[in-house]
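Worksheet: the structure to be examined is printed underneath.
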Amino acid sequence: MQLSVSTRAAAAGVVAVITLLAGGPLADAASAPPRTAAAPDIPVANVKAHLSQLQSIANANGGNRAHGRPGYKASLDYVKAKLDAAGFTTSVQQFTASGRTGYNLIADWPGGDPGRVLMAGAHLDGVSSGPGINDNGSGSAAVLETALAVSRAQLRPVKHLRFAWWGAEELGLVGSRYYVGRLSATDRAGIDGYLNFDMIASPNPGYFVYDDDPVIEKTFKDHFAGLGVPTEIETEGDGRSDHASFKSAGVPVGGLFTGASRTMTTAQATKWGGTAGRAFDRCYHSSCDTTANINDTALNRNSDAIAHAVWALSG
Ligand code: TRP
Ligand code: ZN
């Protein structure tokens, strides 16, 4: 049976009262912390379908999706259309960088406490030398599919959920800095956390968790530990993605990363089953960063981890 949220809450209240009166074996369950519905499994086929669309967009626009090029705006239009159809309130924020117009896409899920906002984001631009499917079609597609899963579940979290796709990250975090810089002090203080996903399906993947806000970090680490997947702290480039814009403004941040040009060690290859002595992503910022440059297992695990964090941290 499908109970409405309010019916379910009322039913839970009845159970709690009965348990208190009876003092029976249910007393432990009643004193346990409130349970949020578990996050759904994110269908990796859907995430891959988004990546195919981003690849087609690059193919049709000179081979890239870079800031100021037509492939960037086409990428943004693709993501925005999916979110609009799913019931998000979207807005496109324009800025100028290197003499060209850039865009951020912001998608708000209606409801939740506007004074307690949980954000998840990814940069949608790539470099001009290739289609940018791992960097950062992967984060963009996984955040998109997580947002669509929020809509399918008609999630009613305590916090307000906001998803973002940043422009001009590759020019130096320009879009996210612009967004954070234009927030009022109140709005900035109302952001409880920002989760960043930049490169999450590297072909020789590591499982790296940002070592920033301890609650966010633990949420990801516990999720992977539950799957038996070892993680390491991200060290390849602290401050090299859009979470830095939020961290500088005092917002708690976290995120996931599967590695860029750094080489996988023997110890890492042993625990993750990859190739030692090879870069995590040999196609980083190059023309071979195509749909062939994606590790499906990493994409699947990290997409599920994003959904888990969004569900768990939004209450
Ligand atoms: N987009 C980032 C860049 O081009 C990729 C990157 C490198 C990264 N190191 C990172 C992303 C560490 C997250 C965390 O520099
Ligand atoms: Zn990137």
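The one condition from (1) outside any loop (DSSP other than H, G, I, E, B); (2) over 19 Å from the mean Cα position of the chain (by Cα); (3) of a type outside the set (D, E) that V215 does not meet is (2).
Tell me which residues, restricted to the range 143-155, are polar (S, T, N, Q) and surrounded by 24 or more Cβ atoms within 10 Å (Cβ to Cβ).
Matches in the range 143-155: T146 only.
Here S56 fulfils each of the conditions (1) in contact (Cβ under 8 Å) with a residue 24 or more places away in the chain; (2) part of a helix (DSSP H, G or I) apart from (1).
Is it the case, given these coordinates, that S140 is buried (at least 24 other Cβ atoms within 10 Å of the Cβ), of a type in the set (S, T, Y) and within 16 Å of ligand 2 (Cβ to nearest atom)? Yes; evaluated as a whole, the condition is true for this residue.
So which residues in the range 194-230 are away from ligand 2 (no atom under 16 Å from the Cβ), under 21 Å from G126 (Cβ atoms) and among the aliphatic types (A, V, I, L, M), if there are any at all? Once the filter is applied, which keeps residues that are away from ligand 2 (no atom under 16 Å from the Cβ), under 21 Å from G126 (Cβ atoms) and among the aliphatic types (A, V, I, L, M), the range 194-230 yields nothing. Taken over the range 289-298, the residue count meeting the criterion of being in contact with a helix residue (DSSP H, G or I) (Cβ under 6 Å, 6 or more places away or on another chain) and either part of a helix (DSSP H, G or I) or modelled with pLDDT under 95 (or both) is 2. Residues of the range 156-187 that are surrounded by fewer than 16 Cβ atoms within 10 Å (Cβ to Cβ) and either in a helix (DSSP H, G or I) or of a type in the set (A, V, I, L, M, F, W, C) (or both): V158, G181, L183, A185, T186, D187. The residue list G63, G87 contains one member that is part of a loop (DSSP other than H, G, I, E, B), within 22 Å of the chain's Cα centre (by Cα) and in contact (Cβ under 8 Å) with a residue 40 or more places away in the chain, which is G87.
Only residues that are out of contact with any Pro (no Cβ under 9 Å at 6 or more places or on another chain) and more than 13 Å from ligand 1 (Cβ to nearest atom) were counted across the range 215-243, and they come to 14. For the structure I just gave you, tell me whether T19 is buried (at least 16 other Cβ atoms within 10 Å of the Cβ) and at pLDDT below 95. Yes, satisfied.
Checking the stated criteria, L148 turns out to be in a helix (DSSP H, G or I) and away from ligand 2 (no atom under 12 Å from the Cβ).
State whether the residues of the range 194-211 include one that is surrounded by fewer than 17 Cβ atoms within 10 Å (Cβ to Cβ) and of a type in the set (G, A, S).
Our first condition is that a residue be surrounded by fewer than 17 Cβ atoms within 10 Å (Cβ to Cβ); within the range 194-211, this holds for 211.
Next, only the ones that are of a type in the set (G, A, S) stay: none.
No, the range 194-211 has no match at all.
Residues in the range 253-267 that are surrounded by fewer than 21 Cβ atoms within 10 Å (Cβ to Cβ), touching a strand residue (DSSP E or B) at 6+ places or on another chain (Cβ under 8 Å) and not in a loop (DSSP other than H, G, I, E, B): T263 only. If you check S241, S286, which single one turns out to be within 15 Å of ligand 2 (Cβ to nearest atom), crowded, with 21+ Cβ neighbours inside 10 Å, in a loop (DSSP other than H, G, I, E, B) and among the polar types (S, T, N, Q)? That would be S241, the only listed residue that is within 15 Å of ligand 2 (Cβ to nearest atom), crowded, with 21+ Cβ neighbours inside 10 Å, in a loop (DSSP other than H, G, I, E, B) and among the polar types (S, T, N, Q).
If you check G102 against the conditions, is it among the small types (G, A, S), assigned to a strand (DSSP E or B), under 28 Å from D192 (Cα atoms) and touching a His at 6+ places or on another chain (Cβ under 8 Å)? So G102 fits the description; yes.
The values are calculated or read from the model by the stated rules, or taken from the named source; none is laboratory data. Note that this is a predicted model, so its numbers are computed, not measured. Positions of Cβ are generated from backbone atoms using ideal geometry, with glycine treated the same way; all protein chains shown enter the neighbour counts.
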